[in-house]
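Remarks on the structure that follows.
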Amino acid sequence: MDTVLSPLYTAVSWIIVQFHSLYAHLFGADTGWAWGLSIVSLVIVIRICLIPLFVKQIKATRAMQAIQPKMKAIQERYKNDRQRQSEEMMKLYKEAGTNPFSSCLPILVQSPFFISLYRVLNHIAQGKTVGVIDQPLLESAQRAHIFGAPLSVKFTDSADKVTALGASITDVRIVTITMIVLMSLSQFVTQRQLMTRNVDLTVKTPFMQQQKMLMYVFPVMFAVFGINFPVGVLVYWLTTNVWTMGQQLFVIHRNPTPGSHAWNERQARLKKAGKLAADGTPVRGGLTSLVKGGKAEAPEAPAETGPLVRQQPKRQTKSQRQQTAPGAKPAGGGGPSGGADSGGPSSSGTAGSGATEAGKTDPGKGSASGGKRTGQPGKRTPQPAGQRPKKKS
């Protein structure tokens, strides 16, 4: 294994040495603060490089949650045909753009660095140079203590070995147990906040049961394996757990899973700040107005634009036009209803008599309604053949 991971040993040891040379000016070269903070800085560098993979892990986890009902349906449908079930599962993963291993990608990428750090610290405990750590740096690392515990010792080490490194077995046990408890607790809190606040509660899937089981299994695994980790590795693992917990809190606060408790809390915050309308739609101009200290603008209602209907004018007879003209005298001494009654359906006389009266009133101009349409569009007033007005010569 040392031959395969030798380049990583060199990379890990080089990063630690570079940070150690920086912190040595502040705390001293042989102090636990200089070496411990170098390991913490190594974690920060690795986790910053893993941020793109962490984003991909979030997307993959949410996609896996979304397709859980479809996966269950495929398992029920092809429970007697394993090959067809696998084919349908792979097809579903391809359509969703995810797979079960995507959520484990950051852990898998981080594992070689974890193993390399473990081996580097193990070499230091055995008094062997490794990577860029030469003999002077090796002796400095062996003299470094964190709260009385050397970086290279483990909980299970004998009292003679601990004493040879200038430490007390009691101090080592107290420090290692405290760090193991903190490491397990941080892992539990991270998993619990994921389960209780960032899971879509509207969909009940086996994925939720798996996450709930891991919430209790992981802390136990850390407690069991932690007694075999050197103090330096415990520092590394505790730091990465704290980073994961903070990173998870940030994601839950800013970009929670839709349908979760954190999502509902975020929607309530945005509505209270005026950035969301009552129906959940973003308010236009809300962020700018809030920065300037004003209130968010309410969303403008779209204007109701219906089809334009053109109002057609009513047809009028010649006598009606004369009566409505300004300064015109009513023909035949009649009122405003005289012309309207000449051909309307509510006239007291016949249509013919109405036409005759109109003809007598103004003989020079002919009948007021002869050949003209009345107030009812599309109809002509019937006229007797013998009483039609004569044309002017």
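Can you work out ³J(HN,Hα) from phi for every residue in the stretch 77-84, in order, using Karplus 6.51 cos²θ - 1.76 cosθ + 1.60 and θ = phi - 60°, giving whole Hz and x for Gly and Pro?
6, 10, 5, 9, 10, 5, 5, 5
Take the Cα radius of gyration of the stretch 5-79 and divide it by 2.2 N^0.38 Å, with N its residue count; two decimals is plenty.
Compactness ratio reported: 1.90.
Between I48 and K91, what FRET efficiency comes out of the Förster formula 1/(1 + (r/R0)^6) with R0 = 22 Å and r the beta carbon distance, rounded to 0.05?
0.05
If each of I227 and I177 carries a label point 7 Å out from its Cα toward its Cβ, how far apart are those two points in nm?
Rounded to a tenth, the inter-label distance reads 1.1 nm.
Label-point separation (nm) for R84 and V55, each offset 7 Å from Cα along Cα-to-Cβ?
4.1
Pop a pseudo-label 7 angstrom from the Cα along the beta-carbon direction at both A73 and K271 and give the gap in nm to one decimal.
Those two pseudo-labels are separated by 3.1 nm.
Peptides 76-82, 189-195: what's the order by average Cβ count within 10 Å, highest mean first?
189-195, 76-82
Any chance you could run the full-extension gain for N264 through A278? It's 0.36 nm times the residue separation minus the Cα-Cα distance, nm to one decimal. Could you put the intermediate results ahead of the total?
Working: separation 14, 0.36 × 14 = 5.04 nm, distance 1.30 nm.
Separation in residues times 0.36 nm, less the Cα-Cα distance, equals 3.7 nm.
Checking the a/c ratio against 1.5 first, then a/b against b/c, what shape does the Cα gyration tensor give for the stretch 1-155?
Since a/c reaches 1.5 and a/b is larger than b/c, the shape of the stretch 1-155 is classed as prolate.
Can you give the log10 of the normalised intensity I(q)/I(0) at q = 0.10, 0.17 Å⁻¹, computed with Debye over equal Cα scatterers of the stretch 103-199?
Per q value, in the given order, log10 I(q)/I(0) is -0.39, -0.88.
What residues from the stretch 173-198 fall in the zone where the backbone N is under 20 Å from a label point 7 Å along the Cα-to-C-beta line of L249?
What the label zone holds, given the 20 Å backbone N cut-off, is 179-198.
Test of understanding: what is the full-extension gain from N122 to K161, defined as 0.36 nm times their sequence separation minus their Cα-Cα distance?
Details: separation 39, 0.36 × 39 = 14.04 nm, distance 1.33 nm.
That pair, N122 and K161, stretches by 12.7 nm at full extension.
Rule-based calculations on the coordinates, nothing more; no lab input. In this text, all values refer to a predicted model and were calculated from it rather than measured experimentally. Counting neighbours? That spans all protein chains shown, and the Cβs are built from the backbone with ideal geometry, glycine included.
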